[in-house]
Structure formats: structure tokens, C-alpha cells
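Asker: Pasting a structure below so you can have a look.
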Amino acid sequence: MPSYRKYPGDIIVNYDEPLPKPTKIKKDKYVQAVKEKFEERSQTGIKKYNTTLEREDLSFLDWINHLQEELMDATLYLERLKTSYAEETTKVVKQVQESYIKQSPKDNKHISYSQLSSFATCQKQWYLTYVRKLAPYQPSIHAVFGTAMHETIQSWLATLYNDKVKLANEMDLDALLYENIIKAYKAQKAMNAHDHFTTQEEMNMFYIDGKHILNFLKKKRGGYFTTKGVYLAGIETLLYQELRPGVVFKGLIDLVFYDERVDEWTIVDIKTSTSGWNKFAKEDDKRKSQILLYKEFFSRQFNIPREKINVEYFILKRKVPKEAEFASMQKRVQEFKPADGPRKMKQAVDLMENFVKEAVDLNGEYIEKDYPASPSNDACRFCTIKEMRLCPDAVF
């Protein structure tokens, strides 16, 4: 039969085309389950009271009283569930705070992020440093400053969260930083055959930079470290997770926070920097893999779902421009939260697994072989091996 249109504007119907089959509506299994429960509940009530909701012997006020009693019971049930959940959460927070895991047996091969970073940068550098142990110890004022700032901020936050805000505000952080710088310097000097490796002027410069950072943090404390519903769950939290029999990842998380308001955890890694991370630093997957691996192993160790764990680099800047184009550039803190979705997490874990596969045998021993060099300006810039003339491919 041909197409037919009686009046202008009518829809053209082609009678030669078959009519569409009616779509079968799929029932929602959850709705069906609730309907079944309602029916079961109704039958239980009929058997118990020998009547239905169609009864006529209750007044309007009687029905309101019944509803009120049911809601009071519901409130009690909710309180019970809240208490149970809080108790379970408190247990996990305590486990994180007390994560002093027995590192046994002692013959386990410990793998750290530092090793992974070295291997990913240059395999020959890693081999000569960690396997042959040929790299000399190199003290650094930057390392001294980093250690001192870590310890000062961690002490301040421990007081802030575990004692009282007032006590934290009264702390002399400048004096504490000075003590920590002296302590860290003496420790590195002792490892350097007691030879000095910096000057008094340079130490003073770093100390003054640290004072500026601490002063900024105290002024802006509420914006970075709120105490409302947030726990400081861990300082230097030890991660100790098996990668394969006899091979264990070992790492320390600077700070771990738990926010009970949203039931989420945040892993924070503190970094010190001259002027913050630029675009290239933020795009460096090798650099970002550190905190992503911390998230992975923190999840495994404490049985916390990955989606409940956030990660953040807390970057302390020694220098800020006096006349910055944007106000954010004058902040002494740069917060960087790298992408930590499933794809990025897998990328970081694959990097670690590939390192173990390439460098450690099934007996947990480092594999002896000719590891290739990856010479470049960036890779060779801070390599101590090149100064020893052990790598013919080094870029000078």
C-alpha cells in the first residue's frame, strides 16, 4: 500500500513497513524485593494481631502515637549503627597511628620508591648505587633543610591535633626549626667523616626561608589543617607490603588524615622546593608514582577502599616573588593533587612490578647483569657515579 497523506502537515505513513514491536518493560529487581518485603511484613502483622491496616478501632491520634513509637525505634537503631561504625573507624585510625609492623624475616629484600626512581631514571646508576654500593655519601644543605622542616611541621601538627589548638599556637616554631636544623646537620656531618659541607651564611639563609614558611602556615592554618571532624591518623606511617615472596615494599608516609565527615582518608607527602613545582614537574609520571604507590599499599595494608583515599603533595616554597602577577604565587605552600584514578594507579603499580621483575630474581636477590645507561642532562645532573668516571656514557 502506498504512502498516504490526506491533509498538508499530516505525518506520512508507509503502510508497507512493519509496525514496531512493543518494548518489553524490564522490572526493577530492587523494587520487586521491597514489594516482597512489604507483603511479608503485612502477613506477619495479620498473623500476630489478626487484623490489617483497614481496622477501624484506632483514632487519628492512636495512629500518630504508633508512628511516633516506630520512629523512636528507628532513631535508636540509627544511633546503634552510628556507634558501631564510629568504633570500627576508630580501630582503623588507631591501627594507622600504631603502624609499627614487625619487619621480619630480616633477609627480606626491601624495595623503596627511591630505588624505583633511580632505576626508572638510569638502570646503570641504580645498579652501581644500590647493588655495587659504589656511590659515595653526599651531604646536602637541601636535605638538612627538608628533614628539619618535616620534623618541625610534624611536631606542630601532632600538638595541634592531639593536644589543643591553643598549645599549638603558642609553640615557638622558629626555635624548634633551629634545633632541628642543627640536629640534621650534625647527623649528616657525622656521615661525611665529620667534614663541614656548607657555610654559616648558607645555613642562615635556609633558616630564614624556613621561618617565613612556618609563619605563613601559622597564619593560614585553618585553610590547610582544619581540626573540625578531622583526625591526624598518622605521622611517618610505615608501609610494609609484600611484592613477591621475600621482596617487600617499604615506605614512610609523612602525614595521614582521616575526615569523619565524609569518611575519607588523605595521604600527604611534604616536599621542600626552591620556588615550587613547574608544569614539567607536575607532568612527571615517575615523580607522581611515589604517592600513588603509597595509596596502593596503604589501601592493602589497612584494608581501606582506594576510592576513599586521597593523595596530595604539600610543597613548601623557600622563595616567592616579591611582586607576583597572581596572589597565589606569593603563597609559601603549593598543593598538588595528581590524578589517581584506576589508569594512573595501574601505571604506577606496573612501574614497580616491572622494576622487581627486571632487577630481582625469584630468590629475592638482585640480578647481576649489564644494566643500560640512560644518559641525558637531567639524568646525569645529580649523578654521583659520573664524577667517579664509572660510566663512559655520562653527560658532563
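The values are calculated or read from the model by the stated rules, or taken from the named source; none is laboratory data. Keep in mind it's a predicted model, so treat the numbers as computed, not measured. When we count neighbours, we look across all protein chains shown, and the Cβ atoms used for this are built from the backbone with ideal geometry, even at glycine.
Asker: Can you name every residue in region 200-258 that is in contact with a helix residue (DSSP H, G or I) (Cβ under 7 Å, 6 or more places away or on another chain) and part of a loop (DSSP other than H, G, I, E, B)?
Answerer: Hits for region 200-258 are PHE225, THR227.
Asker: Among residues belonging to region 334-356 that are among the acidic types (Asp, Glu) and assigned to a helix (DSSP H, G or I), point out the one that is surrounded by the most Cβ atoms within 10 Å (Cβ to Cβ).
Answerer: GLU353
Yes/no per residue for (1) within 22 Å of ASP174 (Cβ to Cβ); (2) under 16 Å from the mean Cα position of the chain (by Cα):
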{"position": "ILE208", "(1), (2)": "yes, no"}
{"position": "LEU214", "(1), (2)": "yes, no"}
{"position": "LYS218", "(1), (2)": "yes, no"}
{"position": "TYR231", "(1), (2)": "no, yes"}
{"position": "VAL248", "(1), (2)": "no, no"}
{"position": "ASP254", "(1), (2)": "yes, yes"}
{"position": "PHE257", "(1), (2)": "no, yes"}
{"position": "VAL262", "(1), (2)": "no, yes"}
{"position": "THR272", "(1), (2)": "yes, no"}
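Asker: Right, another one. Does ALA184 qualify as being surrounded by fewer than 14 Cβ atoms within 10 Å (Cβ to Cβ) and among the small types (Gly, Ala, Ser)?
Answerer: No.
Asker: Another question, if that's okay. Taking VAL248, is it over 30 Å from ILE182 (Cβ atoms), in contact (Cβ under 8 Å) with a residue 24 or more places away in the chain and in contact with an Asp or Glu (Cβ under 7 Å, 6 or more places away or on another chain)?
Answerer: In short, yes.
Asker: Would you be able to say whether some residue in region 357-372 is touching a Phe, Trp or Tyr at 6+ places or on another chain (Cβ under 8 Å) and in a loop (DSSP other than H, G, I, E, B)?
Answerer: yes
Asker: Among the candidates SER84, SER99, which residue alone is touching a strand residue (DSSP E or B) at 6+ places or on another chain (Cβ under 6 Å) and modelled with pLDDT under 80?
Answerer: SER99
Asker: May I ask you to say which residue of LYS308, LYS288, LYS271 is among the basic types (Lys, Arg), surrounded by fewer than 20 Cβ atoms within 10 Å (Cβ to Cβ) and touching a residue at least 12 places away in the same chain (Cβ under 8 Å)?
Answerer: Answer to the check: LYS308.
Asker: Looking at this structure, is ALA193 modelled with pLDDT of 95 or more, farther than 27 Å from GLU264 by Cβ and among the aliphatic types (A, V, I, L, M)?
Answerer: Taking the combined requirement at face value, the residue does not satisfy it.
Asker: Sticking with this one: Taking the stated definitions as given, is VAL165 surrounded by fewer than 17 Cβ atoms within 10 Å (Cβ to Cβ), on the phi < 0 side of the Ramachandran plot and hydrophobic (A, V, I, L, M, F, W, C)?
Answerer: yes
Asker: To continue, here is another question. Quick one: is LYS288 within 25 Å of LYS346 (Cα to Cα) and either in contact with a helix residue (DSSP H, G or I) (Cβ under 8 Å, 6 or more places away or on another chain) or modelled with pLDDT of 95 or more (or both)?
Answerer: So LYS288 fits the description; yes.
Asker: When residues of region 318-330 are filtered for being more than 21 Å from ALA148 (Cβ to Cβ) and either crowded, with 17+ Cβ neighbours inside 10 Å or of a type in the set (D, E, K, R) (or both), how many remain?
Answerer: 3
Asker: Additional query: Could you count how many residues in region 277-329 are charged (D, E, K, R), under 13 Å from ALA339 (Cα atoms) and outside any helix (DSSP H, G or I)?
Answerer: Adding up the residues that qualify gives 3.
Asker: Answer with yes or no whether HIS110 is within 28 Å of CYS380 (Cα to Cα) and not in a helix (DSSP H, G or I).
Answerer: yes
Asker: Moving to a separate point now. Is there any pair linking a residue in region 164-184 that is polar (S, T, N, Q) to one that is at pLDDT 95 or above and buried (at least 17 other Cβ atoms within 10 Å of the Cβ), with Cβ under 7 Å and at least six apart or on different chains, and which?
Answerer: Within 7 Å, the pairs are ASN180/ALA148; ASN180/GLU151; ASN180/THR152.
Asker: Just give me the residues in region 193-228 being among the β-branched types (Val, Ile, Thr) and in contact (Cβ under 8 Å) with a residue 40 or more places away in the chain, in sequence order.
Answerer: Once the filter is applied, which keeps residues that are among the β-branched types (Val, Ile, Thr) and in contact (Cβ under 8 Å) with a residue 40 or more places away in the chain, region 193-228 yields THR198, ILE213, THR227.
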